[in-house]
Amino acid sequence: MTAFTMIPSLLALYRIDHDLHEFNNRLAAVMKDQVAIENNITRLNASLAEFESAGRKLQATISSHELDMKSRQEHIEKMRTSLNNAKTNKEYSAILIQISAEKEEVSKIETTILDFMGQLETNMKSASGIREQLHVAQKSLDDSRRQSSQRVAELQAHIRELQSHREQATNAVPPESRKQYDRICQRYPGDAMAPVEFNENDMDTITCGGCFMGLNIEDVNLLRGRDEIRRCQSCGRILYLPEMLPQQTSA
Ligand SMILES: [Zn+2]
């Protein structure tokens, strides 16, 4: 074969991207459970914050009602004292009516306070249930991280290594071809190229290894003759011939 450089440089980049995509997928699969637990923890924390805020509001409302009740009770005491100083029966009974009205108010406030206290108790129970769930979720996150840490580290090391090779491989591809390649990568991440699949003894059946649609003998001949991009008419992937793949001996 003549000294082709462009298609081989694309192929080298493609093979790195293909592996990168694969390792990133594996990493995502390992992380999936952890991400789900982390999302749950975020949700639980938000919910806990709501309950705590509502609890503080209830507590403040209760305190203010208690203060109101206390001042009314003091008022009742004062009025009781003033009963002794009443000069007329009329004045005396007027104070009694006031006392009775104030007592009724106090009783209403007591009921209100009890109601709020009930709400606060329910709120605190809910918050404590959420704290328990958070504890369990955090523990399962720690377990999951511990169990997968080695696998994650291995995959991340692979990915870092591929990324370091990728830069060099990218620079080896002519800019125009790289643009085309990048565009196809957006459509088929890690899968922008496809082999032309055929059997030398049966050239009637030539297919695209990406979409499995039929190709022509022309596709094979042109790829053998010219170092230029030829794409599958059906899926748009950049075609290559299996024979173009580098020998396995090259590292
Ligand atoms: Zn195709």
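The values are calculated or read from the model by the stated rules, or taken from the named source; none is laboratory data. Remember, predicted model here, so these are calculated numbers, not experimental data. With ideal geometry, Cβ positions are generated from the backbone for all residues, glycine too; neighbour counts draw on all protein chains shown. Heavy atoms of the whole protein, side chains included, go into the accessibility calculation; ligands, DNA and RNA do not. Shrake-Rupley method; radii C 1.70, N 1.55, O 1.52, S 1.80 Å.
Counting only protein heavy atoms and a 1.4 Å probe, tell me what percentage of the range 6-173's accessible area is made up of carbon and sulfur.
53 percent
Under a 1.4 Å probe, what is the accessible area of the chain per residue, stated in Å²? Mind dumping the intermediate values first?
Working: 16260 Å² over 251 residues.
Spelled out: the 1.4 Å probe surface of the chain, per residue, equals 65 Å².
Cβ under 13 Å from VAL136's Cβ, VAL136 left aside: what net charge do those residues give with Lys, Arg +1 and Asp, Glu -1? Spell out each step's value before the answer.
On the way: positive: ARG131, LYS139; negative: GLU132, ASP142, ASP143.
Local charge sum for VAL136: -1.
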Tell me the Rg and the Dmax, in Å, that the Cα atoms of the range 121-171 produce. 20.7, 66
Just to confirm the filter: which trypsin sites (Lys or Arg not before Pro) across the range 45-103 are DSSP coil and have at most 16 other Cβ within 10 angstrom of their Cβ? LYS87
Please name which of ILE238, HIS165, THR207 has its Cα lying farthest along the dipole of the chain towards the positive end, using unit charges on Cβ (Lys, Arg +1; Asp, Glu -1) and the Cα centre as origin. HIS165
Rounded if a/c is under 1.5, else prolate if a/b beats b/c, else oblate: with a ≥ b ≥ c from the C-alpha gyration tensor eigenvalues square-rooted, which is the range 1-74? prolate
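Assuming 0.36 nm per residue, please report the length gained on full extension of the stretch ASN89 to ARG226 beyond their Cα-Cα distance.
Roughly 37.2 nm would be gained on extension.
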Over all alpha-carbon pairs of the chain, lay out the pair-distance distribution in 10 Å bins, whole %, shortest bin first. 6, 17, 15, 11, 10, 9, 8, 7, 6, 5, 4, 2, 0
Nearest 500 deg cm²/dmol is fine: what mean residue ellipticity at 222 nm does the chain get from its DSSP H runs of n ≥ 4 alone, each adding -39,500 (n - 2.57), divided by its residue count? -27500 deg cm²/dmol
Spatial extent of the range 176-251: Rg and Dmax, with the Cα atoms as the point set, Å: 12.7, 36
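Tally Lys/Arg at +1 and Asp/Glu at -1 over every other residue whose Cβ is under 13 Å from the Cβ of GLU243; what's the total? Please list the in-between numbers first.
On the way: positive: ARG224; negative: GLU197, GLU200.
After counting each charged neighbour, the total is -1.
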Please identify every one of the chymotrypsin sites (Phe, Trp or Tyr not before Pro) in the range 141-239 that sits in a loop by DSSP and has no more than 14 other beta carbons within 10 Å of its own beta carbon. PHE212
Only four residue types carry charge here, +1 at the Cβ of Lys and Arg and -1 at the Cβ of Asp and Glu. Report the dipole size of the range 192-244 about the Cα centre in Debye, rounded to the nearest 20. 280 debye
Magnitude of the Cβ-charge dipole (Lys and Arg +1, Asp and Glu -1) of the range 90-157 about the Cα centre, nearest 20 debye, reported as 460 debye
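Among residues other than GLN59 whose Cβ falls under 12 Å from its Cβ, what is the net charge (Lys/Arg +1, Asp/Glu -1)? Display every interim value, and only then the final one.
Details: positive: ARG56, LYS57; negative: GLU52, GLU66, GLU121.
Computed value for this residue: -1.
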Out of SER64, SER140, SER93, any idea which swings most in a Gaussian network model of the chain, alpha carbons joined below 10 Å? SER93
Springs between alpha-carbon atoms under 10 Å, Gaussian network over the chain: tell me which of ALA137, ALA49, ALA101 tops the mean-square fluctuations. ALA101
Which far-off residues, 5 or more places away or on another chain, put their amide H under 5 Å from the one on ALA194, with H placed in the peptide plane? ILE238, LEU239, TYR240
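Once you charge only the Cβ atoms, +1 for Lys and Arg and -1 for Asp and Glu, what is the size of the charge dipole of the range 6-173 about its Cα centre, to the nearest 20 debye?
Details: 22 positive and 24 negative charges, 41 e Å.
Using only the charged Cβ atoms, the result is roughly 200 debye.
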Which listed residue (LEU120, TYR188, THR5) has the Cα farthest towards the positive end of the charge dipole for the chain, taking +1 on Lys and Arg C-beta and -1 on Asp and Glu C-beta about the Cα centre? LEU120
Taking the range 11-134, how many lysine pairs are there with alpha carbons less than 21 Å apart, if each pair must be eight or more places apart or span two chains? 11
